[in-house]
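To start, the structure under review is shown below, and the notes come after it.
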Amino acid sequence: MCWMIPYQRATFLGSLLVFFIYGYLFTRERKNYIGLWTLGWAGVVLRYFSELLMSQKGQTPFLLMNSQLSAFFSGLLILWGTLVFLKKAISKQLLIYACVAGTVWTVVGVLGNFSLLLLAFPTFVFFGIINIWTGLVLLRSRDFQGTGKHISGWAFVLYGLHKLDYPFLLPAAWLVSQAYLIDALLLFALAFGFLLIYFEKARRDCEYARVKCFENEERYRTLFENVNDMIFLMEMTPQGPARLVDVNESVSTLLGYNRQELLALSAQDLIFQDPSMDVKEIMRKLFEEKSVRFDSVLVSKNGLKIPIENNTSLFTWDNKKMALSVARDITECKRLEDTVRVTERRFGELLENVFLIAVLLDARGNIMFCNDFLLHVTGYTREEVLGQRWFDTFIPEDIRPTIESMFFGHIKMGDMPSHYENEIQTKQRERRLIRWNNTVLRDAQGNIVGTAGIGEDITDRKQAEMALRISEERFRTIVTSMEDIVFTLDGEQRYTGIFGRLLQEYNFSPSFFLGKTATQVFTPEGAVGHENAARRALSGEHVIYDWSLGGPQGMRYFLTSLSPIRDFNGKIVGAVGVGRDVTSRKEAEELLKRYQIFFENAADIVLFVRFDGGQIIDANNAALQIFGFTREELLSLSMNQLRAPETLKDVTEDF
């Protein structure tokens, strides 16, 4: 077999060369499939090395087992790498089964002294079928074109056929050397084909990368030129920016320079030298953290100052320290911030100066802000309340659980009653009733972070309202107990209120009058007097008038006094009237009038005399004519002066 050693040595050295080539490619590319191919060729080298030793030293179980296992695993790894390269799925479970089966068969065959034909037959049949299948898959693949694909594909097919016939060549010694030569040539063809495929793929990938790089550069340039923010690319030194390398169109638009003028400047030429800006600290942070954000001011070509927010990143390009700075014009933001500050200041001044309670609570009920009026009402100092729990400090103990539960319940639900009334307690534990106007405070994400409340101290008002109600009840009791009728009119002569016991006596309800005018209540003839009196009262006069009303009990007579009602500015807004039933007086006056007629026209003497002394207090016309006195003379006399002396004793006895 000495004539086989040169073939084996050549095959071994060729395999070793291919292994180094694939190993070098793997160290450069770090591709998984190249790594699998490299391991596969390492197995091929180990196989040929074992067979070379068996040819020189003699066959041993170890070398035979090593040769068979190396052949098995090298073929498996090369097939695996090829499938990965072709992006074909492979079952890891099948690989494990194949590895276990191949290893067990080889170990059992070597230790069991199987014939070389029996030992090699399953392995070579398995690899023959797999190699033929892999070659056909590679030839049918549309992902790869060119000479390398065809060389590798047909090399796989031929190598698979050779694996199928290899066990049958072993008995013919004169064919073994040819089989080694064919095996080596097919492996080298396979390796060469894959190298061609790899380099063709690398060339296509390079071309694709070049096209993508060009597209990305165009995309970057389009983005760079069309973004609204100003972008500066500049060289950097530890002392600060050096020259500008590139700028986008927004820089020229906002600063008024053309591109050539800008590239002749440095960033320092464009930045307003603000003494308050710590340039050294900004540079230190940029070089240590590789990025920094700060506010500064740029100066345009015409001297306009533009406030900006600057976001600068540091990187290395062509061994130079470069900075990419994205600057955003925040002129409008600054204006809005100033507006917000002014608004907040005015709002704060408003809260501090109004006679209303203002308080801000966080979501846990702690006091974040309170104005001076709250402190004035409650007697606390600001230091005593800020940061303290609102409920423990200001809510009376008997209502504290209810108010606290309501607050946290509404915080959880995400709302708050807009209007609410509850009592608070002062430092001296005096209770004050507050009417609240509430709103919730939210963060930028819409989460509730607290509440704001504006409260009005209505304690005195409530007490005044209570006193007014008591006064009104007392007034109503008084007027409803009066024999007279009390009523009010508005500016349109409509009844707005009517009280008095006479309503019950005449079986009238107040609703019969309310909202109506005299025309709607009385007859047209009877309403005239009421309307005239109301018109005079609404013009400012104090009016007294009488009127009558017929009914089941006969004619009733009333006397009414009507006066204007004026508001705080003296404007007449209505009238108030008091009406009294004067029917009895009217009847007495009529009776008196009839008696007066009888008295004056009687033919006999009629005298009215006082009991105490007999003084004459009145006399009719007949007495004046008979006695011959005038009325004044007769009224100055007494009865004794009219009597004859002889009858004086009888008159005295009469009186």
Determine if the stretch 282-295 includes at least one residue that is assigned to a loop (DSSP other than H, G, I, E, B) and open to solvent by 40 Å² or more (accessible area, probe 1.4 Å). yes
Scan the stretch 383-400 and tell me whether some residue there is closer than 17 Å to Trp436 by Cα and among the charged types (D, E, K, R). yes
For the stretch 332-354, does any single residue satisfy the condition of being closer than 21 Å to Ile434 by Cβ and either touching an Asp or Glu at 6+ places or on another chain (Cβ under 7 Å) or at pLDDT 90 or above (or both)? yes
Among the residues of the stretch 561-575, what is the count of those that are over 52 Å from the mean Cα position of the chain (by Cα) and β-branched (Val, Ile, Thr)? 2
Just one listed residue, out of Ser15, Ser91, Ser55, is closer than 21 Å to Val125 by Cα and among the polar types (S, T, N, Q), and it is Ser91
Determine if the stretch 286-303 includes at least one residue that is out of contact with any strand residue (DSSP E or B) (no Cβ under 8 Å at 6 or more places or on another chain) and touching a residue at least 24 places away in the same chain (Cβ under 8 Å). yes
Contact list please: Cβ distance under 6 Å, first residue in the stretch 12-27 and more than 13 Å from Val44 (Cα to Cα), second residue modelled with pLDDT of 75 or more, pairs at least six apart or on different chains. Gly23/Thr38; Leu25/Ile34; Phe26/Ile34; Phe26/Gly35; Phe26/Thr38
Yes/no for Val576 being surrounded by fewer than 17 Cβ atoms within 10 Å (Cβ to Cβ), hydrophobic (A, V, I, L, M, F, W, C) and part of a strand (DSSP E or B): yes
What about Leu94, is it open to solvent by less than 80 Å² (accessible area, probe 1.4 Å) and not aromatic (Phe, Trp, Tyr)? no
Going by the structure shown, is Phe72 closer than 28 Å to Phe192 by Cβ and over 60 Å from the mean Cα position of the chain (by Cα)? yes
Scan the stretch 397-414 for residues that are more than 26 Å from the chain's Cα centre (by Cα) and loosely packed, with under 14 Cβ neighbours inside 10 Å and jot them down. Glu397, Asp398, Pro401, Thr402
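The values are calculated or read from the model by the stated rules, or taken from the named source; none is laboratory data. If you're wondering where the values come from, they're calculated on a predicted model, not measured in any experiment. Here Cβ is always computed from backbone atoms with ideal geometry, including for glycine, and neighbour counts include all displayed protein chains. SASA here: full protein model, heavy atoms, side chains in, ligands and nucleic acids out. Shrake-Rupley method; radii C 1.70, N 1.55, O 1.52, S 1.80 Å.
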